[in-house]
1. Output the Kirkwood hydrodynamic radius of the range 32-116, Cα pairs only, in Å rounded to one decimal.
2. Taking only the C-alpha atoms, wrap a convex hull around the range 94-246 and report its volume per residue in Å³ as a whole number.
3. Between Asn158 and Phe46, what is the spin-label point distance in nm, taking each point 7 Å from the Cα along the Cα→C-beta axis?
4. What's the extension gain from Phe129 to Ser180 if we count 0.36 nm per residue and subtract their Cα-Cα distance?
5. Determine the gain in length on full extension of the stretch Arg206-Ser69; use 0.36 nm per residue of separation and subtract their C-alpha separation, reporting nm with one decimal.
6. Volume per residue, Å³, of the convex hull around the alpha-carbon atoms of the range 159-266?
7. Compute the Rg/Rh shape ratio of the range 91-174: radius of gyration over Kirkwood radius, all on alpha-carbon atoms.
8. Any idea what the relative contact order of the range 94-246 is, in percent, if you count C-alpha pairs under 8 Å spaced at least 6 apart?
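Each value in this text was obtained by applying a stated rule to the coordinates, not by laboratory testing. Because the structure is predicted, anything quoted here is derived from the model rather than measured. Here the Cβ is made from the backbone with ideal geometry for all residues, glycine too, and neighbour counts use every protein chain on show.
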Amino acid sequence: MSAHAATPVPFVQRLRRRRQDLDPGQAPRLSPLWTFVAWLATLAFFAPVAWMVLTAFHQEADAATNPPSLLAPLTLDQFSLLLERDITPYLLNSAMASVFSTLLVLALAVPAAYALSIKPVEKWTDVMFFFLSTKFLPLIAALLPIYMIVKDIGMLDNIWTLVLLYTAMNLPIAVWMMRSFLAEVPKEILEAAEVDGAGLPTVLLRVVAPVAMPGLAATSLICFIFSWNEFMFAVNLTATQASTAPVFLVGFITNEGLFLARLCAAATLVSLPVLIAGFAAQDKLVRGLSLGAVK
């Protein structure tokens, strides 16, 4: 054997080759019938969203007609009224609570999932069941003790209270998801990294994270959506300084009636950040949610 043939392949090159092997090939094409059914299902799910957006561009009188008027004149008056009512602080509070809680969830869930999948601890199934059991208790049952604790420590109407609560709420889901994603990471590249002398932080950041990026994207997006849409803690633990976007939407349901067009306009604005995040990460989201579905 020549000296050139005996030279070991660098770890980075082996990792790149492995990533290329993991890239999905050309997906099988669906039959025309199933394609038609898929389009019908997509339109059925999208129809309420399209109706909400269309109603947001109508006047209140046109939005309240029965049957609804599809040819009513379009206007931006509802969005102007929203800007005058200053929706920006509510959106900023939701963004802050969702982003920081999602980052904190990932920082805690990835090492925990690594210990439960790649380097499994003893009785790891019991640990996973414990994480799952924390979701058995309805949130409404824990609201009163949480409210009393938050009140005693002076953290009512504080955005960091929501960050901690959203982290605790989403952490079990993130650990379960990341454990299934990290279980798909090939053990060969981890062994190669250890042979090359890589420590745990290097393995997590430079080996595990790039390979499990679709799973990270799917987990982070789901945690972000759950935090963004959370209403019960936000409406009971905040007042004026830390109220989030879902609390803002409730303000359009009053004793005087339902301002349907303005509510749809506000819901459209509140939905935009989630839609943009999902569209930006759609390729990784699809790969992450389908990871391990087909062997």
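1. About 17.3 Å for the range 32-116.
2. 119
3. Using points 7 Å along Cα→Cβ, the separation is 4.5 nm.
4. Taking 0.36 nm per residue and subtracting the Cα distance, the gain is 17.0 nm.
5. Extra length available between Arg206 and Ser69 comes to 43.7 nm.
6. Convex hull of Cα atoms, per residue: 131 Å³.
7. 1.04
8. 43
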